[in-house]
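As structure tokens, the structure follows; a few thoughts come after it.
The values are calculated or read from the model by the stated rules, or taken from the named source; none is laboratory data. Note that the structure is a prediction, hence the values are computed from the model and not measured. Counting neighbours? That spans all protein chains shown, and the Cβs are built from the backbone with ideal geometry, glycine included. Please note that ligands, DNA and RNA were not included when accessible areas were found on the heavy atoms of the full protein model with its side chains. Shrake-Rupley method; radii C 1.70, N 1.55, O 1.52, S 1.80 Å.
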Amino acid sequence: NVPEDTADKLLLASWGLPKAVLEKYHSLGIVQMFEWQAECLMLGQVLEGKNLVYSAPTSAGKTLVAELLILKRVLETRKKALLILPFVSVAKEKKCYLQ
């Protein structure tokens, strides 16, 4: 029951990411977000660099929100970002596909 004006925001392709980034997510089976993830990205001025605090259960998709915010910010500003992850295995996984 997603409102029509929000439905297109669930698709990763609607967030202005480069084709290579979209293809990588698609190869991992990620084509769209959950409604709560899109809502996080649309809150206030989050996309302009303001802070966001959110909470969700394990494996709910919190990392995707952080990745999209970081990717958009890095690509738009050409500045570096620091992504801190809780486990070495997750860090290795993210390093492989973010390269």
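Below, the figures for the structure above:
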| item | result |
| --- | --- |
| Failed criterion for Gln37 (all others in (1) farther than 23 Å from Leu85 by Cβ; (2) part of a helix (DSSP H, G or I) hold) | (1) |
| Pairs, first within 10 Å of Leu10 (Cβ to Cβ) in region 31-52, second not in a helix (DSSP H, G or I), C-beta under 6 Å, six or more apart | Gln32/Leu11; Phe34/Gly61; Glu35/Val2; Gln37/Gly61 |
| Residue identified as modelled with pLDDT of 90 or more and among the small types (Gly, Ala, Ser) among Ala91, Ala7, Ala81, Ala38 | Ala38 |
| Neighbours by Cβ (under 7 Å, 6+ apart or cross-chain): first from region 63-83, without any contact (Cβ under 8 Å) to a residue 12 or more places away in the chain and farther than 11 Å from Leu47 by Cβ; second open to solvent by less than 70 Å² (accessible area, probe 1.4 Å) and in a loop (DSSP other than H, G, I, E, B) | Val74/Ala81 |
| Filter result for the condition that a residue is of a type in the set (Gly, Ala, Ser) and either under 20 Å from Ala20 (Cα atoms) or part of a helix (DSSP H, G or I) (or both), over Ala60, Ala66 | Ala66 |
| Residue in region 56-69 that is more than 14 Å from the chain's Cα centre (by Cα) and more than 22 Å from Leu98 (Cα to Cα) present | yes |
| Only one of Leu75, Leu52 that is touching a Pro at 6+ places or on another chain (Cβ under 9 Å) and either open to solvent by less than 60 Å² (accessible area, probe 1.4 Å) or modelled with pLDDT of 85 or more (or both) | Leu75 |
| Any hit, region 30-45, residues being among the charged types (D, E, K, R) and surrounded by 12 or more Cβ atoms within 10 Å (Cβ to Cβ) | yes |
| Residues that are within 14 Å of Leu64 (Cα to Cα), open to solvent by 20 Å² or more (accessible area, probe 1.4 Å) and not in a helix (DSSP H, G or I), drawn from region 6-29 | Leu11, Leu28, Gly29 |
